[in-house]
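Below is one structure, written out as structure tokens; the observations come after it.
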Amino acid sequence: MTGAGAWGRVVGVLRGLPHMLREDLWTSPVDPVPPAGTPGSPVWRPAFGLLLTLGAAIVSVWHVPDLVPLGAAVPEYVVLLVVCQALALLAGLWRPLHAWWVSLVLMIVSVRIAEPTTAPGDMFPWSGPEMALQSGALFLLTLRVQPRRAVLALALSLLAGLVSSGFTTRAHNYYSLDVGASVVITAVVIGAALRALKVARGQLVVQSEQTEEERARRTLLEERNRIARELHDVVAHHMSVISIQAQVAPHLVENPSVELRENLAGIRENAVEALAELRRVLGVLRSEDAAADGLRHAPQPTLDRLDELVGTVRGAGVAVTRETTGTPRPLPPGVELSAFRIVQEALSNVMRHAPGASARVEVGYHSTAVTVRVTNSAPDRAPVPAGGVGHGLLGMRERVTMLGGDLTHGRTPGGGYEVVATLTLEDPA
């Protein structure tokens, strides 16, 4: 029964394999290229396109001798083949999946044309130009698809090369299978690493934008709360006094008239009504809008997610180490959130203002406080000038001040920078 069930699963996988290949290698879309000027957009793309065009032209010319005998005239179909191979490589900038398919088919055609003219000592089935064209197509594809899809395309390319080597009319040197496999695998690995770096940088940009939005929302709410406090302290106090005095006044007058009682009762009634209206207005000021309300009830990040944040920054190319001192324990929600946001903002500053620098994150648990220290080494190159005025350090200071803590920051003797925040605990353990 168990063997039959396992066999059934294998059969199910085999039946679904064509559909999976069709989805991964034909119908599923590739990653879009971000518009110019947006975070993650490839500013190097025009220069890379020019280099790729030049490289495709050179490889095409280099490939012609592989397809015709030495000294023979070059047929028109050979010229058409090498031009199509070069255009397929260039099309990978816009349509990498379809361009790879065209390149794969043209590679098989090229191998069949070149086989009768390939000397026994020459590499077969992949010559140097074929390795370059196939590696370029796989590299451009890997930059725009998930690693699983890139591995499937790599496996299909290697299988096509292996099958092509099985249909020959003469003996050949098959060493190119080993060399070609190493070259195309290297191209896929490099492409996957660059894509992972792009994804990590995009996630870091999203986290930074969320931090900025959360800071702006908090600043707005704090300002509204300040206005609400001012109104309550001034207006509500006086309205309460008027209400009480209107209630007490009839008892301070001997034999008050009916008119006086009615007027004082009206004053008290109006004061109570005005106080109720004021409180409703203050409630509106102290609340956020519906969209912000949804965000307010969403789970907030804590120090438990610090490893995830550090991993994201590492993926963006920054060498980050982390150290924890003391005994980790649950902290008040405000302290947890503030500590996480301070580390996030500090690492974002390292990315923006210290390119090439390494960073170190230290979290220290004490009896009455938690200490967060983020230090980076000196940058190895000048940062790209950023427009506008940053508010990162100001936001950190606002968080620390709100919790009654302390924030220090400044340059280190080695040319780096250090941010140290001490957050006090409301209920020290």
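The values are calculated or read from the model by the stated rules, or taken from the named source; none is laboratory data. Because the structure is predicted, anything quoted here is derived from the model rather than measured. Cβ placement follows ideal geometry from the backbone for every residue including glycine, while neighbour counts extend to all protein chains displayed. Calculation scope for accessible area: heavy atoms of the full protein, side chains included, ligands and nucleic acids excluded. Shrake-Rupley method; radii C 1.70, N 1.55, O 1.52, S 1.80 Å.
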Item to check | Per residue solvent-accessible surface (Å²) - the stretch 56-144, probe of 1.4 Å | outcome: 43
Item to check | Surrounding net charge for Arg95, when Lys and Arg each add one and Asp and Glu each subtract one, Cβ distance under 14 Å | outcome: 0
Checklist entry - What does the charge add up to near Arg112, with Lys and Arg as +1, Asp and Glu as -1, over the other residues with Cβ less than 13 Å from its Cβ? => result -3
Checklist outcome for this item: Computed ³J(HN,Hα) along the stretch 265-271: with the Karplus parameters 6.51/-1.76/1.60, θ = phi - 60°, integer Hz and x for glycine or proline, the list is 5, x, 4, 5, 5, 5, 5
Checklist entry - Taking the Cβ of Ala316 as the center, what net charge do the other residues with Cβ under 12 Å away carry, scoring Lys and Arg +1 and Asp and Glu -1? => result +4
Checklist entry - Once fully extended, how much extra length lies between Glu418 and Val79, figured as 0.36 nm per residue of separation less the alpha-carbon to alpha-carbon distance? => result 115.9 nm
Checklist entry - Which of the chymotrypsin sites (Phe, Trp or Tyr not before Pro) found in the stretch 47-125 are loop residues per DSSP with 16 or fewer other Cβ atoms within 10 Å of their Cβ? => result Trp94
Checklist outcome for this item: For Arg373, the accessible surface traced by a 1.4 Å probe with all protein chains present amounts, in square angstrom to the nearest 10, to 80
Item to check | Rounded FRET efficiency, nearest 0.05, which uses the C-beta distance separating Val248 from Leu393 and R0 of 45 Å | outcome: 0.25
Item to check | Solvent-free Debye scattering, log10 I(q)/I(0), computed from the Cα coordinates of the stretch 76-157 at q = 0.24, 0.26 Å⁻¹ | outcome: -1.12, -1.25
Next on the checklist: Could you give the length gained by full extension between Arg314 and Phe48, i.e. 0.36 nm per residue of separation minus their alpha carbon distance, to one decimal place?
Outcome noted: 93.2 nm
